[in-house]
Amino acid sequence: MDGFPVRPLNFEAVSGDRLVWSRTCPEFSVFLNALALHVPYFERYLIVAMRAAREQVAEPGLLRDITAIIGQEAHHSKNFIQVNAALVQRYPGLAAVDAQAKAQFAERAQTDSLKRLVGFTAGYETFTFLAGMIILQNYGKWFADSDPVLKALWVWHQVEEVEHGAVAFEVYHSLYGEHEMYRKWMVVVAACHIAAETFKAYVPMIRREGWTRNPLKGLSRMAFCASMLLRLAAAALPVLRRGYHPRQHPLATSNQNPIQIAWRRYEAEGGDVLAIDHHKMSEIVGAALP
Ligand SMILES: [Fe+2]
Ligand SMILES: [Fe+2]
């Protein structure tokens with residue numbers, strides 16, 4: 001997680017019929033699309049927070065990481081806003097949800113205090129970091145048979161979220177390290193925000209997919225969304241411990257995900273990460289994937 005690059009990748013625009021991108025687990029693609037809808041607006045908020053915090057940070061390593069996280073998130077935001085346009089086209093009910101998230105984050109970026117900007121960003125980045133690790137660990141289950149562009153986009157995003165997962169935490173620690181309760185409170189606030197935004201987007205999506213016509217199917221799809229959010233919340237419990245650091249999270253210490261290591265190495269060697277299919281991923285990881 002130390003000294004990471006900015007990778008200015010550009011993904012081709014995807015049409016609405018490709019958005020249920022996982023054929024092995026369609027409900028996962030809809031869940032992740034729902035969770036992701038508001039994320040590019042958070043990423044713009046993060047950039048405002050990190051730029052403001054940079055003025056107060058003196059440590060050269062952290063300053064370098066702040067510049068890199070700003071660069072990575074700017075490219076995430078740009079590419080995911082393009083996906084949002086396709087999502088709104090496929091699910092017209094999302095237009096208002098998308099516009100509200102955009103306006104809310106833009107306003108808060110202007111009005112929040114520095115402590116709130118950095119605290120909320122650190123709390124929120126807890127979940128992008130954990131989601132990154134959980135998603136990459138389940139690559140075989142969710143990405144084995146999937147749309148190549150959206151797979152490449154998600155793998156890139158999740159690898160970088162894991163890579164820069166400690167930066168916002170370290171910025172908060174550098175500025176407000178003694179305010180441990182506020183850090184924990186911001187983790188809870190961010191969790192509630194993510195869950196609320198995900199449900200707001202998920203319901204019109206599963207309706208449009210026709211998954212609510214059968215009440216039992218509708219119920220099972222809602223339960224899937226709730227179970228995924230609970231899984232993320234459960235993974236966040238160690239974050240509430242005193243003395244927590246992202247590098248010591250059990251998910252980060254128990255196994256270094258081979259996909260993120262192989263992907264980063266392949267990209268650094270000049271490999272075309274936009275064209276990694278399932279076979280190529282097995283080849284660069286050096287092991288058969290499920
Ligand atoms: Fe991101
Ligand atoms: Fe991030």
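Orientation-averaged projection of segment 200-290 equals 9.4 nm² [convex hull of Cα atoms, one quarter of hull surface area]. The GluC sites (Glu not before Pro) found in segment 42-105 that occupy coil by DSSP, while having at most 12 further C-beta atoms within 10 Å, are E55.
For the residue pairs K151/K184; K115/K151; K141/K217; K115/K200; K200/K280, alpha carbon separations beyond 31 Å are given by K151/K184; K115/K151; K200/K280. Taking GluC sites (Glu not before Pro) across segment 208-290, the ones in a DSSP loop with at most 12 further Cβ atoms lying within 10 angstrom of their Cβ are E269.
Put a dot 7 Å past the Cα of K115, heading toward its Cβ, do the same for T212, and the two dots end up 4.1 nm apart. Eigen-decomposition of the gyration tensor built on the alpha-carbon atoms of segment 55-129 gives equivalent ellipsoid semi-axes of 28, 16, 10 angstrom, largest listed first. Return the Rg/Rh ratio of segment 238-284 with Cα-based radii and a Kirkwood Rh. Rounded to two decimals, Rg over Rh is 1.18. Debye calculation, C-alpha points only, no solvent: report log10 I(q)/I(0) for segment 22-94 at q = 0.11, 0.13, 0.17, 0.27 Å⁻¹, in the same order as the q values. The Cα Debye sum returns log10 ratios of -0.39, -0.51, -0.71, -1.17.
Rg ratio for segment 1-145: its Cα radius of gyration over 2.2 N^0.38 Å, N being its residue count, equals 1.13. Helical runs assigned H by DSSP (4 residues or longer) give the chain a calculated mean residue ellipticity at 222 nm of -23500 deg cm²/dmol, each run adding -39500 (n - 2.57) before division by the residue total. Which log10 I(q)/I(0) values, to two decimals, does the chain give at q = 0.09, 0.12, 0.17 Å⁻¹ under the Debye formula with one point per Cα? Ignoring solvent entirely, the Cα scatterers give -0.41, -0.76, -1.57.
Looking at the chain, the accessible area is 42 square angstrom per residue; that uses a 1.4 Å probe and ignores ligands, DNA and RNA.
The values are calculated or read from the model by the stated rules, or taken from the named source; none is laboratory data. Quantities reported herein were computed from a predicted structural model and do not represent experimental measurements. Virtual Cβ from ideal backbone geometry, glycine too; neighbours counted across all protein chains shown. Areas reflect the complete protein model, heavy atoms only, side chains present, ligands, DNA and RNA absent. Shrake-Rupley method; radii C 1.70, N 1.55, O 1.52, S 1.80 Å.
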